1. Here is a check on your reading of the model: is Ala85 more than 34 Å from the chain's Cα centre (by Cα) and of a type outside the set (Val, Ile, Thr)?
2. Exactly one of (1) farther than 21 Å from Ala20 by Cα; (2) outside any helix (DSSP H, G or I); (3) of a type in the set (A, V, I, L, M, F, W, C) is unmet by Ala91. Its number?
3. For segment 23-70, how many residues meet the condition of being free of Cβ contacts under 8 Å to residues at least 24 places away in the same chain and touching a helix residue (DSSP H, G or I) at 6+ places or on another chain (Cβ under 7 Å)?
4. With respect to Ala77, is the statement that it is assigned to a helix (DSSP H, G or I) and at pLDDT 85 or above true?
5. Failed condition for Ile102, given (1) touching a residue at least 24 places away in the same chain (Cβ under 8 Å); (2) in a helix (DSSP H, G or I), with all others met?
6. Taking Arg72, is it on the phi < 0 side of the Ramachandran plot, over 13 Å from the mean Cα position of the chain (by Cα), of a type in the set (D, E, K, R) and modelled with pLDDT of 85 or more?
7. Might you let me know whether segment 9-29 holds any residue that is surrounded by 10 or more Cβ atoms within 10 Å (Cβ to Cβ) and more than 30 Å from Leu117 (Cα to Cα)?
Amino acid sequence: MSSGLLASVQNLLASLLGLARTRLDLLSTELQEALAHFALGIIIAVAAVLLATLGLAFAGAALLFAMAPEHRLAAAAVIAFVYLAGGVGLAILLRVRKRPRIFEASLGELQRDQDALTP
């Protein structure tokens, strides 16, 4: 093998390794961002659920105590139905919510690389 051909192959391999390293760095960064976003989302969601639950419980109790004794059972049933309907509605909203595609930038870069390499 001539030294010029060997140098070309080495340069090609070095370029490919550099390209792979860049893409892996991007993937690593996106993974870290996704994990941080997920962890923060979980913390905020737990705090929101806790505070909302406490607020709803106290509001329901205050409403029950404000009712006349003969209407408290009906009021408790209505409050329970409203809470249940709200929970079901939020569960449905969570299921149909559009989530961002993970590793979208990395996949886009790999697609551009593939497009550039294919004739």
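1. Numbers: more than 34 Å from the chain's Cα centre (by Cα): no; of a type outside the set (Val, Ile, Thr): yes.
Here the answer is no, as Ala85 does not meet what is asked.
2. Answer for Ala91: the failing condition is (2).
3. The first filter runs over segment 23-70 and keeps only residues free of Cβ contacts under 8 Å to residues at least 24 places away in the same chain, leaving 24-25, 28-29, 32-33, 35-55, 57-70.
From what's left, touching a helix residue (DSSP H, G or I) at 6+ places or on another chain (Cβ under 7 Å): 60, 63-64, 67.
Residues flagged as free of Cβ contacts under 8 Å to residues at least 24 places away in the same chain and touching a helix residue (DSSP H, G or I) at 6+ places or on another chain (Cβ under 7 Å) within segment 23-70 amount to 4.
4. Values: assigned to a helix (DSSP H, G or I): yes; at pLDDT 85 or above: yes.
For Ala77, the condition - assigned to a helix (DSSP H, G or I) and at pLDDT 85 or above - is met.
5. Against the list (1) touching a residue at least 24 places away in the same chain (Cβ under 8 Å); (2) in a helix (DSSP H, G or I), Ile102 comes up short only on (2).
6. Details: on the phi < 0 side of the Ramachandran plot: yes; over 13 Å from the mean Cα position of the chain (by Cα): yes; of a type in the set (D, E, K, R): yes; modelled with pLDDT of 85 or more: yes.
Yes.
7. Pass one, segment 9-29, residues surrounded by 10 or more Cβ atoms within 10 Å (Cβ to Cβ): 9-29.
Applying the additional criterion that residues be more than 30 Å from Leu117 (Cα to Cα) yields none.
Within segment 9-29, not a single residue is surrounded by 10 or more Cβ atoms within 10 Å (Cβ to Cβ) and more than 30 Å from Leu117 (Cα to Cα).
The values are calculated or read from the model by the stated rules, or taken from the named source; none is laboratory data. Predicted model only: the values in this text are computed from it and were never measured. A quick note on method: Cβ atoms are made from the backbone with ideal geometry, for glycine too, and the neighbour counts reach across all protein chains shown.
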